[in-house]
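Read-outs throughout are calculated quantities, based only on the coordinates presented, and are distinct from any laboratory measurement. Please read these numbers as outputs of a predicted model, since none were measured by experiment. Cβ placement follows ideal geometry from the backbone for every residue including glycine, while neighbour counts extend to all protein chains displayed.
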Amino acid sequence: MYTIREIFYTLQGEGAQSGRPAVFLRFTGCNFWNGKEEDRASAICNFCDTDFIGIDGSFGGKYNSKELVEVISSLWPDMKKGKPYVVCTGGEPLLQLDDELIEKLHLKGFEVGVETNGSIKVPNGIDWICMSPKNNENIMVHSGDELKFIFPQTTIKPEDFSHLDFSHFYIQAMDGPDKDKNLQLAIDFCLNNPQWKHSLQSHKIIGLR
Ligand code: SF4
């Protein structure tokens, strides 16, 4: 069984796939923070802006792979239109995403993307790998499609990852109380380090989830 926080259809807001319609499959749980505010300061990752605890979001629940693929498919408007795309996110989706679910999604016609913190090896067959390191120097994901660095962070810097085998390198300003300052820092970093492109959280600007 997979424990799912929420499933929803929207436009991808970030990175190289920005603007693409996608079903977001948010798994519960993360290995970098337990999601409790009282434990945030001592977590590996202490700037999380995602609610990944509980199963009370839209279409949240516990599913087997067949049930889960049915729900995901029901949210895509027409399986014959466009390339159906599902983004597995979290929390840390690789705590739960496995070969069985990937295979069933492929059989149904979905392209499968994942957004991971890079601490767990990616199963074979994922079509789009987005890795976003979060204060973790020891990563298990050394190649993929896009590396998205939330900027700035205290213990790691983009240059620690610029040698890895990714097609796109993105800098995205950290949201929160310092977001305006972080945006300027992110812009300046890209201008001075043109290997890196700037990623906006466009879904927040246009009012999508
Ligand atoms: S790794 Fe991602 S999901 Fe986990 S606490 Fe950090 S930002 Fe949140």
> Going 7 Å from the Cα of K204 in the Cα-to-Cβ direction, what parts of the range 19-36 have a backbone nitrogen less than 17 Å from that spot?
Replying inline: 19
> When each pair of different Cα atoms in the chain is counted once in the 1/r mean, what is the Kirkwood radius in angstroms, to one decimal?
Replying inline: 17.6
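Could you list I53, I205 in order of exposure, starting from the residue whose Cβ has the fewest other Cβ atoms within 10 Å? Could the numbers behind the result be given before it?
Working: I53 16, I205 9.
Lowest count first: I205, I53.
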> Between N46 and A16, what length comes free when the chain is fully extended (0.36 nm per residue of separation minus the Cα-Cα distance, one decimal in nm)?
Replying inline: 8.3 nm
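How do S42, S199, S167 rank when sorted from fewest to most other Cβ atoms within 10 Å of their own Cβ? Kindly include the intermediate steps, with their values, before the conclusion.
Numbers: S42 9, S199 24, S167 12.
The order, fewest Cβ neighbours first, is S42, S167, S199.
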>> Please give the charge dipole size of the chain, origin at the Cα centre, charges +1 on K and R Cβ atoms and -1 on D and E Cβ atoms. Round to the nearest 20 debye.
In response: 480
> In the chain, what percentage of the DSSP-assigned beta bridges are antiparallel, given to the nearest 5?
Replying inline: 30
